[in-house]
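Inspection log for the structure reproduced underneath, given as structure tokens.
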Amino acid sequence: MHSVNKHKKWWQKIIGDKMTLSGALSFFIMGLGQFRNRQIAKGLFFFGIQFIYVLFEIMTSSLVSEVIPGQPKAWGYGFFRKGLWGIYTLGESTGGRFRDNSTMLMIEGLIAIMLLLVYLFFWIYNIKDANNIHLRYLETGQRQTSKEFLDELFEKSFAYVIIGPALILLMLISIMPILFGLLIAFTNYDAYHLTPANLLDWVGFENFKKLFTYTRWKNTFIGVTLWTVSWATLATFTTFFGGLFLAIIVNNKYVAFKRFWRTILIIPWAIPGMISLLVFSNFFNQTYGPLNQMLGKSIPWLNEPMHARATLLIVNFWLGVPYFMMLMSGLLTSFDKTLYEAAKVDGATNTQIFWRITFPILFTQVLPLLVMSFAHNFNNFGAVFFLTNGGPRNINYEYAGHTDLLISWIYKMTVDFKMYNMASVMSFVIFLIIGTISVFNFSRTKAFKEEF
Amino acid sequence: MAVQLKRKPKESNKTYLLRLLSIIAIYLILIILSVAVIYPVIWIVGSSFNEGTSLASSRAIPKNFTLDNYIRLFQKTKYKTWYLNTLKIAVVNMIASVFLSGTMGYVFARLKFAGKKFGLMSILILQMFPTFMGMVAIYVLFLNFGLLDKPLALVLIYAVGQIPYNTWLIKGYLNNVPKSLDEAAYVDGATKFQTFTKIILPIMSPILTFVAITQFMAPWFDFILPNYLISSDEKRTLAVGLYRLINGQQNNNFTMFAAGSVLVAAPITILYIFLQKFLVEGLTAGANKE
């Protein structure tokens, strides 16, 4: 097991160097090969795992549990078989006492598959172990004793035991729902097919096709995506340059009471964003808002598409600049002063120093944060939902308004219109875009480089 | 640092004038921006002391100062219940998160085990999904486990949903601490558990504090999940309660909403201003670049 991996074939990495009788025994019954290798404790360990799975399957099947007269055959399957059946068929019987609930079947199916994957891992490991231990015994005549195995097991499983609860919760609350969310994209789960009244069906790539062939969907998709990208770019750059500008101004040598100004200017960052956004949605109210009252005009800040988009950017500027200002202030003050002095000696002007020295250094340092900020703005649900709620309405769009981002469009489709399948298709799009950006960004960080 | 307005010796008329002008420009900008920052704040605080209920009649400086809105807030709405619900969620979420994320971060930073890289990669991908993408499944799951309309069940989603991000954050922080520290403890005969409690835990405390603060804050203004999973008024959280108070009700409830906002935002704003340096450092720790 510890020999060089380079010269091994792919299957040798999986089942060990050579298939032996021990491996074959373990292939059929987990732990049997270990017994042949005279590793009783290890054999019991693997056998126990298999035993638990089989017992669980039997206990949940009609062999043990009560059979209600007239129930469909599948209702008597054990947990794993029923799970696989359910996720494949999404249910067969509708109405009455024995109606299948497709969403529930999908969730049970996903849980069954995840548990079976864990089983598969142990099963393969059990074959590989049986093979390798036997081969090593033939070579060296030495075997690991049960005590040694138990010590090793304890040492190795320490990490798993600590993170076990967190991992199980992650599987159930995080991974399973996301997988479910993605699978919905391939079903007809929408406002016209709601569970448990209806059964769902797999529809393949039908929903993806709809996005590119139905004019209304296509228009909405393209329109919303374009706006989302422009919004994320503009929102990130305005707050970045705004923050940089403010940091330079506040840290200027002519400014007295720097702490005072800085404290005032970070207030928007400190106020909870949702409150600020709700307050601004009233502040910019066309008829009653204080701004229009003050100006004595009736500017449709949130009621006309272009105005609403501009207002959104202005409010985001108000909310986002302080963060970048604080960040840049920190970076600017930690700058190496000798660079400036050297440049000054060489006769550079202040402007030149800024654009040729300060800015490039700052930019490379903040780049990862800029990318993070872009990703955040891309999915900035709160800004849109609380300020404009996606409005004003766009009659050419399917379930979206002029200022809706992809993320708020998904929200509306899920919560208000129950178009789960199309929402899920859009989630794929978001995942592709944000996933690529995040991986690119993250692969440059120190934490990542140390690990991979 | 005093601002030098007087003309410096050997300074030409032109440069002196330019200097004066830029000083004026800088202060002008600062004053304008400060007004832009502070005016909405004054307006909402002022509105909460206004007479009347509507958006149209509320003024930044109230004509007749009154505490009516605050009194009505507690009598007419379930504000106090919302506040307590959220506080409960926040406290439990803070404890659960520190425990779950802390152990994950420690294990991934310090222990060697099979599947570590796979695990790190998976949680990296996981943190890219917005929580509500899995919302429908969570709804069905909660429905079947009888967890719908239970405020504390939200903690499950908050605490677990943040594990991926926090794990990377804590791991990144611990990677900057030399491993020789815990190795020395092993050499002295300490067990893994002792090393963890006596050496690692004290080292981790700043980043755990950061996690605790952010996780305590998260439930106060999360809207999507509680809005979707909680239906009865007396179980709502503050964010949902406040949103429903104002949404489409600007004429009846605006000043009451202002009062509610001030009550919840004031402590948080003050806390953030005091903790600004600490919080910004925590935010940037995740993006620690070489």
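Side notes on the structure shown:
- A straight Cα-to-Cα reach below 17 Å connects B:Lys179 with the aspartates and glutamates A:Glu450, A:Glu451, B:Asp188, residues fewer than 8 places away in its own chain not being considered.
- For region A:180-219, chymotrypsin sites (Phe, Trp or Tyr not before Pro) are listed when DSSP marks them as loop and at most 12 other Cβ atoms sit within 10 Å of their Cβ; the list is A:Tyr192, A:Phe205.
- Label point distance in nm, A:Ala310-A:Leu432, each placed 7 Å from Cα along Cα→Cβ: 3.5
- Translational diffusion of chain B, estimated by Stokes-Einstein from the Kirkwood radius over alpha carbon pairs at 25 °C in a medium of 0.890 mPa s, is 106 µm² per second.
- Taking B:Tyr70, B:Tyr173 and counting other C-beta atoms within 10 Å, the order from fewest to most: B:Tyr70, B:Tyr173
- Screening chain A for whole DSSP H helices with an alpha carbon extent of at least 24 angstrom along the helix axis and a mean Kyte-Doolittle hydropathy of at least 1.0 yields A:40-59, A:215-250, A:305-333, A:359-378, A:420-442.
- For region A:10-186, taking the reciprocal of the average inverse distance between every pair of different Cα atoms yields a Kirkwood hydrodynamic radius of 18.7 Å.
- In region B:18-125, trypsin sites (Lys or Arg not before Pro) in a DSSP loop with at most 14 other beta-carbon atoms within 10 Å: B:Lys63, B:Lys112
- Rounded Å value of the spacing that divides the Cα centres of region A:134-190 and region B:111-164: 18
- Cα-only Debye scattering, the protein assembly as shown: base-10 log of I(q)/I(0) at q = 0.05, 0.07, 0.09, 0.11 Å⁻¹: -0.33, -0.63, -0.99, -1.35
- Shape parameters for region A:139-275, alpha-carbon atoms, Rg then Dmax in Å: 28.5, 83
- Expressed in units of 2.2 N^0.38 Å, where N is the residue count, the Cα radius of gyration of region B:79-235 is 1.20.
- Within the listed set B:Phe129, B:Phe108, B:Phe221, the Gaussian network model of chain B (springs between alpha-carbon atoms below 10 Å) gives the highest mean-square fluctuation for B:Phe129.
- Ranked list, fewest to most other Cβ atoms within 10 Å of each Cβ, for A:Trp85, A:Trp75, B:Trp168: A:Trp75, A:Trp85, B:Trp168
- Computed from the C-beta positions of A:Thr145 and B:Lys179 and an R0 of 30 Å, the FRET efficiency is 0.45 to the nearest 0.05.
- Full-extension gain in nm, A:Ile40 to A:Lys13, via 0.36 nm per residue minus C-alpha separation: 7.3 nm
- For region A:162-196, the residues whose amide N sits under 20 Å from a probe point set 7 Å from the Cα of A:Phe417 along the beta carbon direction are A:181-195.
- Residues of type lysines that A:Lys209 reaches as a straight line, Cα spacing below 18 Å, ignoring anything fewer than 8 places off in the same chain: A:Lys218
- For region A:195-241, the Kirkwood hydrodynamic radius from C-alpha pairs, put into Stokes-Einstein at 37 °C and a viscosity of 0.692 mPa s, yields a diffusion coefficient of 244 µm² per second.
- As computed over region B:14-71, the Cα convex hull volume per residue (Å³): 86
- Taking other residues whose beta carbon is less than 14 angstrom from the beta carbon of B:Trp82, and scoring Lys, Arg as +1 and Asp, Glu as -1, yields +4.
- Volume per residue for region A:361-452 equals 124 cubic angstrom (convex hull of Cα atoms).
- Listed from fewest to most Cβ neighbours within 10 Å, the set A:Phe374, A:Phe386, A:Phe121 follows the order A:Phe121, A:Phe374, A:Phe386.
- Radius of gyration, Dmax [region A:256-354; alpha carbons; angstrom]: 19.8, 59
- Chain B, helix-only ellipticity at 222 nm - DSSP H runs n ≥ 4, -39,500 (n - 2.57), divided by all residues, nearest 500: -22500 deg cm²/dmol
- Computed over neighbours whose Cβ is under 11 Å from that of A:Arg136, the net charge equals -2, Lys and Arg +1, Asp and Glu -1.
- Entries of B:Lys171/B:Lys277; A:Lys13/B:Lys112; B:Lys192/B:Lys277; A:Lys8/A:Lys147; A:Lys258/B:Lys6; A:Lys42/B:Lys112 with Cα pairs more than 27 Å apart: B:Lys192/B:Lys277; A:Lys8/A:Lys147
- Surrounding net charge for A:Gly16, when Lys and Arg each add one and Asp and Glu each subtract one, Cβ distance under 12 Å: +4
We did not get these values from a lab; they are worked out from the coordinates using the rules stated. Predicted model only: the values in this text are computed from it and were never measured. Cβ atoms come from the backbone with ideal geometry, glycine included; neighbour counts cover every protein chain shown.
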